[in-house]
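The values are calculated or read from the model by the stated rules, or taken from the named source; none is laboratory data. In this text the structure is predicted, and so the values were computed from the model without any measurement. FYI the Cβ positions are ideal-geometry reconstructions off the backbone, even for glycines, and counts take in every protein chain you see. Heads up: the accessible areas ignore ligands, DNA and RNA and are worked out on the full protein's heavy atoms, side chains in. Shrake-Rupley method; radii C 1.70, N 1.55, O 1.52, S 1.80 Å.
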Amino acid sequence: MATRGINPHNGGEENPLEGNKPQKENAPDAQNRRALGDIGNFVTVRGVDVKLPNRPVTRGFCAQLVANAQAKAEAENNKVGSVKKLLDVPAPVAVNGAVVDQKKAAVNPKRNLVIEISPDSEEEVKMEERKKHYIKKKANSLTSVLTARSKAACGLTNKPKDTVVDIDADDAENELAAVEYVEDIYKFYKLIEEEIRLRDYMDSQPEINQKMRSILVDWLIEVHQKFELLPETLYLTVNIVDRFLAVKSVPRRDLQLVGISAMLMASKYEEIWAPEVNDFVCISDRAYSHDQILKMEKAILGHLEWTLTVATPYVFLVRFIKASIPDKEMEQMAHFLSELAMMHYGAAVMFCPSLVAASAVYAARCTLVKTPAWDATLQFHTGFSEAQLLGCAKLLVSFHSTAASADNKLKVVYRRYSNPERAAVALLSPAKSLTFAPSTC
């Protein structure tokens, strides 16, 4: 027979299994005894918690308790299920003033199509609607409209932008090309060409005129060709002569001596194997002695303050020809026009070296009918636009036109570039479309 605990409502009846034990003086109070009694009255039978009554529990009575507990649990489950079904039943909806039962309306899915949208989707739809509401169509201003119409009228709307070609890409592995520094080098040349630019000195020379200078330069070009010197040597020689004549009055008899001494200095500066002083004595038909040449060399260096690193037209010409991506004919034509400019005093004084070089390239392209005559790559590397070159280019073309004339006695440059080894560019017809117009640098 099962034990029975103390029932708090039983008037303190003793448990028969405990007997008549004397109570301790420090026994817990009645509230604690009742709590312990409640805990002891719960047992688990066949998975169901059953509170034991204050009576002996037999097997039959225990089975009845379990059955009652299970029935109570099933009743609670049925109650929860019925409430859930009630919550799932759709409420009536008023449509056009009439009450429609959603449960009946759901029977015909064709008439009422219900689309469920999650809360996140609803927020996204609302945000899209707000964006569409606040996004305004971009309005074109009057200036932009007029600019677009002007470009369309001039045919500039679909014109592609010119690209600048990297002319140093092929020399990336060539250490002598100095690709890393070449742009800075030419920026330096641009600066120093303005510092040492020639001025009109012919009025300060009492015994020398422009024609005499042209005769001297023509003879120096012939000497340069016989000695087979570098082009840099020729351009530096003429530069030294002009700078010295700009600061020192020279008698007519000493003009050729100035040219010989200038070429000697330029050869020492540019050449690996420079001609000797005796070679210049012989080439001048012994008009000047060894001592006279050395004395004039010393005088020139003193007046020029030993400044020999200068920006000649040849320095820029090499770079600008490379920017034009030339063939042999184009390259020789540019050198031909540049040497013609070097012979004429007006071109040497009127224009700066970089402009002469750029104009020679432009005039050569016009002579050979290269298209385009001037592009973005050439403008980027030369720093000149086509309009800036027209004056000097027309002057060079006029020199080309008169180079073969019978009145011209100075034909060293013309004969030099009439040789097939130099593509005979002097024999080509000049660009007659370019007429002479004075310009300034």
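Key figures for this structure:
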| quantity | calculated |
| --- | --- |
| Filtered residue count, the range 373-415, keeping only those that are among the hydrophobic types (A, V, I, L, M, F, W, C), open to solvent by 30 Å² or more (accessible area, probe 1.4 Å) and either outside any loop (DSSP other than H, G, I, E, B) or assigned by the TED database to the domain that holds residue 225 (or both) | 3 |
| Conditions (1) basic (Lys, Arg); (2) open to solvent by less than 60 Å² (accessible area, probe 1.4 Å); (3) assigned to a loop (DSSP other than H, G, I, E, B): number failed by residue 243 | (3) |
| Residue match in the range 203-217 (condition: open to solvent by less than 10 Å² (accessible area, probe 1.4 Å), part of a helix (DSSP H, G or I) and not assigned by the TED database to the domain that holds residue 416) | yes |
| Residue within the range 303-313 that is of a type in the set (A, V, I, L, M, F, W, C) and closer than 30 Å to residue 377 by Cβ present | yes |
| Residue in the range 248-272 that is surrounded by the most Cβ atoms within 10 Å (Cβ to Cβ), counting only those that are farther than 11 Å from residue 296 by Cβ and of a type in the set (Ser, Thr, Tyr) | 267 |
| Which numbered condition residue 233 fails, given (1) under 16 Å from residue 274 (Cβ atoms); (2) open to solvent by 20 Å² or more (accessible area, probe 1.4 Å); (3) free of Cβ contacts under 8 Å to residues at least 40 places away in the same chain | (2) |
| Single residue of the range 183-202 satisfying the filter (assigned to a helix (DSSP H, G or I) and in contact (Cβ under 8 Å) with a residue 24 or more places away in the chain) that is nearest to residue 415 (Cα to Cα) | 202 |
| Only one of 322, 370 that is within 17 Å of residue 167 (Cβ to Cβ), in contact (Cβ under 8 Å) with a residue 40 or more places away in the chain and not in a helix (DSSP H, G or I) | 370 |
| Residue within the range 273-281 that is crowded, with 20+ Cβ neighbours inside 10 Å and β-branched (Val, Ile, Thr) present | no |
| Number of positions in the range 426-441 that are modelled with pLDDT under 90 and outside any loop (DSSP other than H, G, I, E, B) | 0 |
| So residue 331, is it more than 18 Å from residue 217 (Cα to Cα), crowded, with 20+ Cβ neighbours inside 10 Å and without any contact (Cβ under 8 Å) to a residue 12 or more places away in the chain | yes |
